[in-house]
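Below is one structure, written out as structure tokens; the observations come after it.
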Amino acid sequence: MEQVTSSSLAAKSCVPCREGVPALKGDALSDLARQLPQWYVMEEHHLWRAFVFPDFKTALEFVNHAGAIAKAEGHHPDLTLSWGRVEAKIYTHKIDGLSESDFVLAAKLDRAYADRA
């Protein structure tokens, strides 16, 4: 099996999911999760991560940037903004679970967070 890294995930594009496609479970899910150590896989259903910022303005700017990334990828994460903190919850609504595209979006958000200056 090809070694997938966070940067190779970030280089991919999200692929629209069809209803009826099974959500990732077990080893397939674990293999992708290992590539994104900052993210938590919650109940094999969704990815969750908190991003920390020095103030509200910077957190809001990240939400706007994350929203633009998600729109470009055709994805719809749940983003929660508070003072100096953004929480992200990602899953594929059509299958009510995780797909590879969820990990792609998570990697893109990680890259955006790392690139902020």
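The values are calculated or read from the model by the stated rules, or taken from the named source; none is laboratory data. All figures in this text were calculated on a predicted structure; none of them were measured in a lab. Cβ sites come from the backbone with ideal geometry, for glycine too, and all protein chains shown count toward neighbours.
Restricting attention to the stretch 50-67, does a residue exist that is charged (D, E, K, R), in contact (Cβ under 8 Å) with a residue 12 or more places away in the chain and at positive phi?
Taking every residue of the stretch 50-67 in turn, none turns out to be charged (D, E, K, R), in contact (Cβ under 8 Å) with a residue 12 or more places away in the chain and at positive phi.
With respect to Ile90, is the statement that it is of a type in the set (A, V, I, L, M) and more than 11 Å from the chain's Cα centre (by Cα) true?
When the stated conditions are applied, Ile90 does not pass them.
From the list Ala68, Ala59, which one is at pLDDT 95 or above and in contact with a Ser or Thr (Cβ under 9 Å, 6 or more places away or on another chain)?
After ruling out the rest, the residue left standing is Ala59.
How many residues does the stretch 87-103 hold that are of a type in the set (A, V, I, L, M) and surrounded by fewer than 22 Cβ atoms within 10 Å (Cβ to Cβ)?
Total satisfying the criteria: 1.
May I ask you to list pairs of residues, at least six apart or on different chains, whose Cβ atoms are under 8 Å apart, with the first in the stretch 93-116 being over 16 Å from Glu44 (Cα atoms) and the second being among the hydroxyl-bearing types (Ser, Thr, Tyr)?
Val104/Ser13; Ala107/Ser6; Ala107/Ser7; Asp110/Ser6; Arg111/Ser6; Arg111/Ser7; Arg116/Thr58
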